[in-house]
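Notes follow once the structure below has been shown.
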Amino acid sequence: MGVATMDANNSSDTDKARREYLVFALGKEEYGIDILKVQEIRGYDAVTRLAKSPSFIKGVINLRGHIVPIVDMRIKFDVGNVIYNDFTVVIILNVLNRTVGMVVDGVSDVIELSGDDIRPAPEFGAVMNTNYIQGLGVVGERMIIMVDIEKLMSSDEMALMDAAVAANV
Amino acid sequence: MTFDMSQFHQVFFDETAEHLVNMESLLLAINVQQPESEDLNAIFRAAHSIKGGAATFGFSDLAELTHVLENLLDKVRKNELPLSRDIVDASLLSGDLLKEMLAFHRGDEPVDEARIAVLKQKLEQLSVPGAVAVPSPQVAQPAAAVPGRLHIEIYPPVAMAVDELWQRLAALGSLQIMQALDEQADPVIPALALLSTESPCDDVVEMLAFLLPPESFKVVDDVTLEDDGVGFFSLPVMAPSGDIAFEEDGFGLFAPLPASTASHNADIAFEEDGFGLFAPLPVAPASGKPDVAFEEDGFGLFEPLATAPAVAPAPSAPMPVKEVVRPEVRAATAVAPGAGENSIRVSTDKVDLLLNLVGELVITQSMLMQYGSALDSVEHENLLNSISLLQRNSRELQEAVMSIRMMPIAFVFNRFPRVVRDLAGKLDKQVELKMVGENTELDKGFIEKLSDPLTHLVRNSLDHGIESPEQRRAKGKKETGLLTLRAFHEGGSIVIEVTDDGAGLRRDKILSKARESGLPVSDTMSDTEVWALIFEPGFSTAAEVTDVSGRGVGMDVVRKNIVAMGGRIDISSMVDIGTTMTIRLPLTLAIMDGMSIKIADETYVLPLNYILESLQPKPSEIKTIAGRGQVVSVRGEYLPIISVAEYFTIDAPPTQPDKSILIIVESSSQKVALMVDELLGQQQFVVKNLEANYRKVEGLSGATIMGDGRVALILDVAAIVRMNLQKAHGELLTAQLH
């Protein structure tokens with residue numbers, strides 16, 4: 001519930017102000033997330049595998065002394081080409097006072113959108129559940145799926161938090 | 001001039017707390033039969049200082065209670081009243097209440113008025129026998145309000161008949177002659193009188209000056225003296241010879257100086273230990289100024305200047321005094337020592353952050369070291385030297401930062417003299433408490449968590465361990481039982497022992513009790529296993545339940561608390577010799593001693609405190625039980641083998657137990673053998689939790705960062721053992737169903 005209300009506020013804010021979004025690719029689709037939630041973008045390092053975790057949770061890394069879990073969105077949403085090489089990109093997110101890294105197919109650019117530029121999302125066949133989709137951002141020819149990354153990362157299906165913690169979010 | 005007194009409150013709180021602690025430890029240590037007068041004085045002094053401070057800062061509740069206490073203590077130290085256990089008890093209780101009051105002024109719960117009233121009454125009752133020489137507190141308290149109570153001292157030579165002098169004085173108000181002039185005595189005993197009069201002090205002085213030579217009389221305004229007058233003007237009565245300047249410890253006394261010395265030299269006597277102490281203020285007699293009086297330890301009591309813990313003369317008093325400092329100056333210097341022994345309070349978050357950063361630095365440094373080792377040592381000599389310098393510096397930095405979190409265990413131990421004393425009294429036992437290694441340092445996080453389990457163990461030892469004096473006599477032991485608290489470092493852990501020389505644990509009793517409670521026991525169990533039974537929930541061997549212990553809640557909680565701190569507790573005991581409870585804790589919460597192990601390509605860390613031994617089994621020692629997995633025989637004991645690879649579903653070709661290494665671990669008295677591929681080595685690890693950014697993972701208690709910067713996971717041995725047990729039970733259940 002808390003998240004939903006926050007969204008409403010956010011979207012009313014964005015009506016006037018222009019915000020910046022980081023665009024990343026996952027399969028053939030482009031997704032945008034609030035750039036303020038992004039801490040950094042880095043390459044894919046060796047992760048330490050966590051037993052008894054879903055397959056899309058690759059494990060944990062040492063991010064300057066913090067133990068940070070890495071999720072591979074390509075595995076989670078079953079898209080793209082799951083290989084790990086020097087070009088594999090990890091977006092380190094700062095959501096809900098936690099740090100999480102997510103592996104995507106690539107990061108393209110940062111775009112600036114105002115609230116008007118974001119259209120409500122129709123029911124469509126994106127790989128992501130529409131619950132986590134705020135709308136569609138239109139930039140020229142491109143159509144970018146705007147993701148509520150906090151909602152996604154705290155969801156049960158990502159299994160990134162203990163149920164008790166997630167419930168308090 | 002108005003002072004913001006509240007700026008000194010913290011100093012007062014700190015000092016009072018110190019005095020209270022001091023008083024308590026003295027009271028606990030004192031020999032009731034033959035108290036050292038030094039100690040009695042010190043106790044009195046503590047109470048007195050508290051009162052002085054409290055009155056100065058306007059904490060009247062503290063001042064009132066201490067006042068009553070002080071009266072009692074004063075009589076004791078003057079041998080007017082024999083010291084008794086009751087007095088010690090009441091004084092300790094006063095200390096407790098004062099602490100609570102102090103807490104209240106610091107923003108805590110208010111103290112129950114009724115308790116204070118009861119205690120005051122008790123203290124007053126105790127001080128009744130022998131209460132002759134001392135003015136009663138009721139009179140003394142408002143003494144300041146009585147208009148013009150003047151103390152007059154007359155020294156020879158007296159030009160006129162003393163009687164006539166008295167008459168003239170009596171005309172001014174009610175005169176009470178406390179001591180007659182005795183010119184024959186050597187040294188001369190001055191005449192002393194107490195005049196209650198409406199006339200201002202100056203008038204009296206003028207009148208006397210008219211009749212007598214200036215050096216032969218002295219008038220002191222009572223108002224300015226210590227507000228209760230205890231111990232001041234009773235002195236001449238006690239010491240008629242008149243030559244006693246001070247008491248042994250030299251404080252709080254305005255000695256009526258003999259004429260010879262009473263002339264113009266304003267004597268100031270200082271206590272040996274530096275408390276300013278003021279001789280009778282024989283200021284230029286004619287000045288007749290209400291002279292200021294000083295408390296002995298620095299809380300100035302006199303009205304307008306009362307803010308500073310000051311010892312200072314009224315500005316007009318022309319005293320040729322050394323060591324008198326202006327109040328402002330004193331105030332400044334007084335704040336510094338009171339502010340807490342040159343320490344600063346820092347939140348533990350900040351310290352932890354520092355610790356984290358230093359941990360990072362150490363890892364970065366070891367990476368540098370690794371890269372450096374690949375370089376040519378001649379060509380890059382300077383760089384390599386710098387790296388090794390960096391290594392030394394960062395290690396030292398790490399140690400220094402770690403030491404911030406360390407505190408001496410005395411913080412926990414210090415409460416026990418009191419606990420033991422109270423309990424021993426309640427149980428009618430004689431117990432001597434010995435504490436060894438109070439300065440052993442351990443993580444601050446443990447200090448708070450240790451106190452409950454330790455208290456429980458001490459209570460247990462007193463209640464169940466140490467016998468009553470009669471029983472001890474019958475057994476041929478000393479009547480006084482000995483309870484020892486000992487702390488020391490051993491390897492990477494801190495060991496705390498609670499040892500009593502009591503009855504010891506009774507094997508048969510524990511076993512029969514265990515059977516009653518339906519625990520699976522057998523007569524062939526080893527002693528250690530039997531002793532471990534008392535940690536089972538709901539287990540108590542006390543014949544009867546006392547309000548001290550024996551309700552059967554506790555030992556299991558004790559063990560749970562200790563284990564939660566990453567430690568463990570062991571018992572060794574011998575009938576009639578005694579029992580030792582040994583607690584082992586890691587040095588700090590943030591650092592853990594562990595064994596790094598390798599399974600396939602993955603590195604895990606096993607906390608060292610669970611590990612009993614590791615071995616490479618012979619094929620003949622491995623037995624397979626159908627449907628139940630494999631067991632290994634270790635010196636006749638069959639232990640289930642848990643494959644860590646299997647447990648963590650690591651993709652690796654299944655290994656045979658006889659090709660790998662078995663680590664025998666123990667948790668909750670259950671031993672299992674963990675099968676791993678390789679032992680990498682033992683070292684200390686900085687523990688990080690997984691939940692900060694992720695969630696709890698079954699079988700893991702946290703993570704750590706290895707020297708190469710990679711994350712290694714720490715195995716939760718307790719959980720693994722528990723799950724194995726559940727699995728075994730589950731299989732047993734399914735087997736029975738089929």
query = Across peptide A:48-60, what mean number of C-beta atoms from other chains lies inside 10 Å of a residue's C-beta?
reply = 5
task = Please state, to two decimals, what the Cα-based radius of gyration of segment B:6-132 comes to when divided by 2.2 N^0.38 Å (N = residues).
result = 1.00
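Excluding residue B:348 itself, what net charge comes from residues whose Cβ is under 12 Å from its Cβ, given Lys and Arg +1 and Asp and Glu -1?
0
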ask   = Please identify the trypsin sites (Lys or Arg not before Pro) of segment B:31-125 that satisfy two criteria: DSSP loop assignment and at most 14 other Cβ atoms within 10 Å. Which are they?
value = B:106
request  = First measure r as the distance between the Cβ atoms of residue A:28 and residue B:444, then evaluate 1/(1 + (r/R0)^6) with R0 = 51 Å and state the FRET efficiency to the nearest 0.05.
outcome  = 0.40
ask   = How about residue B:350: which lysines have a C-alpha closer than 20 Å to its C-alpha, ignoring those fewer than 8 places off in the same chain?
value = B:444, B:688
ask   = Once amide H atoms are built 1.01 Å from N in the peptide plane, which residues 5 or more positions from residue B:467, or in another chain, come under 5 Å H to H?
value = B:503
query = If you bin every alpha carbon distance in segment B:591-737 into 10 Å steps from zero, what whole percent lands in each bin?
reply = 11, 41, 35, 12, 2, 0
query = Which of the lysines could a cross-linker bridge to residue B:218, judged by Cα under 25 Å and excluding same-chain residues fewer than eight apart?
reply = B:289, B:322
ask   = Expressed in nm to one decimal, what extension gain is obtained for the pair residue B:620 and residue B:85 from 0.36 nm per residue of sequence separation less their Cα-Cα distance?
value = 185.7 nm
remark   = Surpassing 20 Å at the alpha-carbon level, of the pairs A:52/B:623; A:52/B:618; B:671/B:727; A:52/B:598, are A:52/B:623; A:52/B:618
remark   = Env charge @ residue B:450, Cβ radius under 15 Å, K,R +1 / D,E -1, value +4
key: Peptide A:95-103, shielding by other chains (average Cβ, 10 Å cutoff)   = 1
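Bear in mind these aren't lab numbers, they're just calculated from the coordinates by the rules spelled out. On a predicted model such as this, the values are computed, not experimentally measured, just so you know. All Cβ positions, glycine included, derive from the backbone under ideal geometry; neighbour counts span all protein chains shown.
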